[in-house]
Amino acid sequence: MISAGLYVVATPIGNLEDISARAVRTLNEVDLILAEDSRHSGKLLQHLGVHTPVQAYHDHNELKVVDFFLERLRANQSIALISDAGTPLINDPGYHLVIAAHKHGIRVIPVPGPSAVISALSVSGLPTDRFVYEGFLPNKQAARRKQLAALAGEQRTLVFYEVPHRICACIGDMVDYFGPDRIATLAKEITKHFETIRNDTLAGILDWLQEDPLHQKGEFVLMVHGAAVDTGDELESVRVLKILLHSLPVKEAVAAAAKIMDGKKNRLYRLAVAIKDKG
Ligand code: SAM
């Protein structure tokens, strides 16, 4: 008999063979499965031969139904939480239930497995000893650019989730803030038929996406190499630009900084835009 508690169970992100034996056993043995979309998960459960009752738990009802499921957990039942794909709570619902369970001393048990972020990093060819997971960037361009400006100097590998209709616009904005030559890896349709992993510059990845509309279809993880370690030069450029930007527009501040610092205008321009956007 499985013990009582909330089991957070990872499911495949494409290839159904990626489900773990422990995940299948857990899904079979719990009293109830909470699924982000019961129809979607119904197909996986049918494929696995799991007949446990399923109820919906998604972004729209999460807050309303927490107490109901919490009562069942407090009555010593076992519940498995799954999402449409990958690991629950990683850009998927479950946060409110997990904190409520902790608050009431209920065991929360991970049943680990696939997640797009870790799968993508493992094949990225980028440094993985330290990374920053940013999830989805804001939909609105102004907010997205502000966030990218704040990330321009981040030295750890950056990881983003993206959707087809925004992927080119996002990379276009990254080219503006991180520079066209920043190395990145695009992981598309991981574990699926059209799986593609491209390690290139941001500009190179954007070219590839734009050369065929089919390249823009599917699910994406975009990973960007962190900024080069701040050199004295970089810090000095920022200091000089900040002073000049007080009284000059960006273009003139960059031209003046280029003369003072003997620096490349492209690099100074990116720094100036990032300083401006950060306010
Ligand atoms: N919980 C999931 C996880 O553990 O990765 C993430 C869910 S989030 C709502 C969905 C996003 O994850 C997609 O838009 C895409 O960015 C990324 N993703 C999920 N599956 C993927 C796959 N097979 N290949 C590439 N990216 C994927």
Once all protein chains are kept in place, ASP92 shows an accessible area at probe 1.4 Å, nearest 10 Å², of 40
Run the accessible area of segment 232-277 with a 1.4 Å probe and give the carbon-and-sulfur part as a rounded percent. 55
Estimated vicinal HN-Hα couplings, Hz - segment 211-224 in sequence order (Karplus 6.51, -1.76, 1.60; Gly, Pro = x): 7, 7, x, 5, 5, 8, 8, x, 9, 10, 10, 10, 10, 10
Taking all pairs of distinct alpha-carbon atoms in segment 117-224, Kirkwood radius in angstrom: 13.7
Using θ = phi - 60° and the Karplus curve 6.51 cos²θ - 1.76 cosθ + 1.60, what whole-Hz ³J(HN,Hα) does each residue of segment 81-89 get, with Gly and Pro shown as x? 9, 10, 10, 4, 7, x, 9, x, 6
J(HN,Hα) series, segment 92-109, from Karplus relation 6.51 cos²θ - 1.76 cosθ + 1.60, nearest Hz, glycine and proline x: 9, x, x, 4, 5, 5, 5, 5, 4, 4, 4, 4, 9, x, 8, 5, 10, 10
Accessible area per residue, 1.4 Å probe, Å², for segment 117-224: what's the number? 47
17 Å cut-off, amide nitrogen to a point 7 angstrom out along GLN77 Cα→Cβ, residues in segment 40-60: 51-58
Provide the descending list of Cα extents for the chain along its principal axes, expressed in whole angstroms. 74, 41, 31
Relative contact order of the chain, pairs being alpha-carbon contacts under 8 Å that are 6 or more residues apart, as %: 17
What area, in nm² and to one decimal, does the C-alpha convex hull of segment 232-277 cast on average over all directions? 2.6
Sparse-neighbourhood loop hits (chymotrypsin sites (Phe, Trp or Tyr not before Pro), segment 123-195; DSSP loop; Cβ within 10 Å at most 14 others) -> PHE194
Ignoring ligands, DNA and RNA, please state the percent of accessible area on segment 85-177 from carbon and sulfur, probe 1.4 Å. 56
Run the 1.4 Å probe and let me know the accessible area of ILE183, rounded to the nearest 10 Å². 70
Please report the antiparallel percentage of the DSSP beta bridges confined to the chain, to the nearest 5. 45
Hey, which lysines would be in cross-link range of LYS188, C-alpha to C-alpha under 21 Å, not counting anything within fewer than 8 residues on its own chain? LYS217
For LYS242, the lysines lying under 28 Å Cα to Cα, once residues fewer than eight places off in the same chain are dropped, come out as LYS140, LYS146, LYS251, LYS259, LYS264, LYS265, LYS276, LYS278
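The values are calculated or read from the model by the stated rules, or taken from the named source; none is laboratory data. Just so you know, these numbers come straight off a predicted model, no measurement behind them. A quick note on method: Cβ atoms are made from the backbone with ideal geometry, for glycine too, and the neighbour counts reach across all protein chains shown. In case anyone asks, the SASA skips ligands and DNA or RNA and just uses the protein heavy atoms, side chains included. Shrake-Rupley method; radii C 1.70, N 1.55, O 1.52, S 1.80 Å.
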